[in-house]
Amino acid sequence: MFGGPQTSEAFRAEALDVGAVADIPPLHARWTGLDVRVVAAAEREAPLEHPLYEIGIAPGADIDDLSDIEGARVAYSPGQAQGALVLRVLESVGLEPEDVELVEMTSVDDTYVNALASDQVDVAPLGDVLIRRYLDRYARDGATVLPHGLRDDPWHLYTPESVLEDADKAAAIRELVRAWGRAQVWIGEHPEEWAEGFYVDHEGLSPEDAEHLVERDGVSVIPEDWDETIERHQATADLLSRIQEWPSVDVREEVYDTRFETVAFEGLTEGDAR
């Protein structure tokens, strides 16, 4: 599994045909000259109850509420979902980027955890097992996390346009999307098997961390159409265009390949996901 920057690098090297990412990498790829298309989308059931991220607060930072982050040093990765979440959090509490100090760093492995613990930043979005790891290590020193209260659940498969121009690869991707959709449903219906097979055996996490992540993840949903998905994605693109000064983008026309819009959902009826 790669983050957005690594996936774009692999696309450019023609070492990868399909990536699984959140909503920012497909936008950032196009803005940096890499033509890509989203071919599948998933979201979380009850997304506000199962957020992907929480906002980590450094020990000693005088921040008890997100409205307190004015003037804080905030970890920021422009080309990743965490970067967009930072901008959305600022917007939600009535702040602009210039009201805080954005400290640019890519979120890789424990980077944000270490930055918080070593007093490089006061605030950083943390996801998945990093939330638990951060609190286990540093709560005794005053480390905390705050809920952001925003929807942060988009998940996509995307691919370079050049790959879709190859008829054989395009056909293979269509089959992949069908299988991927069924897999998302299977995961929700088999949490114990998923925790053991993926998080423990494949990712090397402890059974406790695996159980924690499965509970946090909740259940994935494959939308029947992309209307609401694209509407939310467009709002994010507009925010980034305004703040990061990227060209405006028509998400439906320039980012999504609507030929694949119903493929994942229809795949759910083509075989028993169980």
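Rolling a 1.4 angstrom probe over the protein heavy atoms, how many square angstrom per residue are accessible across the chain? Each step should come with its number before you reach the end.
Working: 13160 Å² over 274 residues.
Here the per-residue accessible area is 48 Å².
Dipole of the chain, Cα-centred, from +1 at each Lys and Arg C-beta and -1 at each Asp and Glu C-beta, to the nearest 20 debye?
Result for the chain is approximately 360 debye, rounded to the nearest 20.
Amide H to amide H, which residues 5 or more places from Arg44 or on other chains are under 5 Å from it, using H placed in the peptide plane?
So Arg44 has HN proximity to Val221.
How much length, in nm to one decimal, is gained on full extension between Glu70 and Arg133, taken as 0.36 nm per residue of separation minus their Cα-Cα distance?
20.1 nm
Using the alpha-carbon atoms, what tilt in degrees (0 to 90, nearest 10) does helix 129-138 show relative to the longest principal axis of the chain?
20 degrees
Taking all protein chains as present, what is the carbon and sulfur share of the accessible area of the chain, in % to the nearest whole number, probe 1.4 Å?
Values: 6030 of 13160 Å².
It is 46 percent, rounded to a whole number.
Just to check I understand the Karplus step: with θ = phi - 60° and J = 6.51 cos²θ - 1.76 cosθ + 1.60, what whole-Hz values come out for segment 93-106, glycine and proline as x?
Coupling constants for segment 93-106: 10, x, 10, 10, x, 6, 7, 10, 9, 7, 9, 6, 7, 7 Hz.
How much length is gained if the chain between Met105 and Gln120 is pulled fully straight, taking 0.36 nm per residue apart and subtracting their Cα-Cα distance, in nm to one decimal?
Extra length available between Met105 and Gln120 comes to 4.3 nm.
Per the Kirkwood treatment, what hydrodynamic radius in Å, one decimal, follows for segment 1-71 from the mean inverse distance over all distinct Cα pairs?
Kirkwood hydrodynamic radius for segment 1-71: 15.2 Å.
How many nm separate the modelled label positions at Ala172 and Asp62, each set 7 Å beyond the Cα in the direction of the Cβ?
Computed distance between label sites Ala172 and Asp62 equals 5.9 nm.
Taking H as built 1.01 Å from N, whose amide H comes closer than 5 Å to the amide H of Asp152, not counting residues under 5 places away?
Residues meeting the amide H criterion: Leu52.
Per residue of segment 170-187, what does 6.51 cos²θ - 1.76 cosθ + 1.60 with θ = phi - 60° give for ³J(HN,Hα)? Whole Hz please, x for Gly and Pro, Karplus curve as stated.
4, 5, 5, 5, 4, 5, 4, 4, 4, 5, 4, x, 5, 5, 4, 5, 4, 4
The values are calculated or read from the model by the stated rules, or taken from the named source; none is laboratory data. Note that the structure is predicted; figures quoted are calculated from it, not measured. Glycine also receives a Cβ, built like all others from the backbone with ideal geometry; neighbour counts cover every protein chain displayed. Quick note on the areas: whole protein, heavy atoms, side chains included, nothing else; ligands and nucleic acids left out. Shrake-Rupley method; radii C 1.70, N 1.55, O 1.52, S 1.80 Å.
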